[in-house]
Amino acid sequence: MSEIIDKQTRAEHFRTRLTEVMAATGTSQSGLARAISVDRSTLSQALKGEATRLPSAHIVGACATVLGVSTDWLLGVSDRPESAADLLDNSFRVSQAPRALVDEQIFAWHREAAGYKIRHVPATLPDMLKTDAMLTWEYGPHLGRTTQQAINASRDRLNWMRDAGSEYEIALPVHELTSFVRGTGYYAGLPADVRRDQTDHLITLSRQLYPRLRIYQFDARALYSAPVTIFGPLLAVFYAGGHYMAFRDRQRIETFSGDFDVLVRKATHTARDFPDSLSELRALIR
């Protein structure tokens, strides 16, 4: 339950914080009084140390608007000085997403989350675990000369995971791996030797990097997840095709983390079982 603050304490919060933000912005009493259309004496009275009453809601709101802070912060209700619009803007961003994860923004998010557990549901197989041949087949027709950037970015992510001290959990739909090894659906036309080498690469990495890297398989008929990466408690990023949708507010990040935990808890194959499960699927490659 929120603590109820008495009127005198609320007035002290207002006086202290208004004085603080005026000093930070270089705003004088006269200048602020003109900006909010009140007499200087009215504002001066509100700022006096013996003042025990709050000014009107109009004055509080006008001060907040002119000085670029929230009324909640001025009144001591919130510890965040940003306005509601600024808080919303900071908690949710949309940015362009390239065809392959070659942009610096993705790497910046990884570096920001160094040391935290990173949870990931990829759109296909995880880029950082793909072979060069797989990346060339997948992105070559779309990226042209920048295919090497996709390869380099994949290597950078893998090297980062080895050295950053972060745990990495990946959840894959069972049908994604089955479609891959069979060369159907999205993977139609992918040569058998590329699929075989990629499968061996996944098996090797999942054994070599366990438990820092844990790969789970879930049944997409029972559970669903959009492509998402959750960077510890800091950030959750959804891949929406041409754009990323990034959330930074704690409540949503906790919700998305809980959804990912369900994928892990109800996985049809655990991370410990993943290499053996993939080895069995390898027999389907023709």
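The values are calculated or read from the model by the stated rules, or taken from the named source; none is laboratory data. Everything numeric in this text was worked out from a predicted model, so none of it was measured. So basically every Cβ, Gly included, is an ideal-geometry build from the backbone, and we count neighbours across all protein chains shown.
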Subset tally (residues that are surrounded by 16 or more Cβ atoms within 10 Å (Cβ to Cβ) and of a type in the set (K, R)) for region 152-171: 1
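Conditions tested, residue by residue: (1) at pLDDT 85 or above; (2) outside the structural domain of E254 (by TED's automatic domain parsing); (3) outside any helix (DSSP H, G or I).
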site	(1), (2), (3)
M22	yes, yes, no
S30	yes, yes, no
S44	yes, yes, no
G61	yes, yes, no
A64	yes, yes, no
W73	no, yes, no
S78	no, yes, yes
I106	no, no, no
Residue match in region 128-143 (condition: touching a residue at least 40 places away in the same chain (Cβ under 8 Å), touching a strand residue (DSSP E or B) at 6+ places or on another chain (Cβ under 6 Å) and closer than 16 Å to A97 by Cβ): no
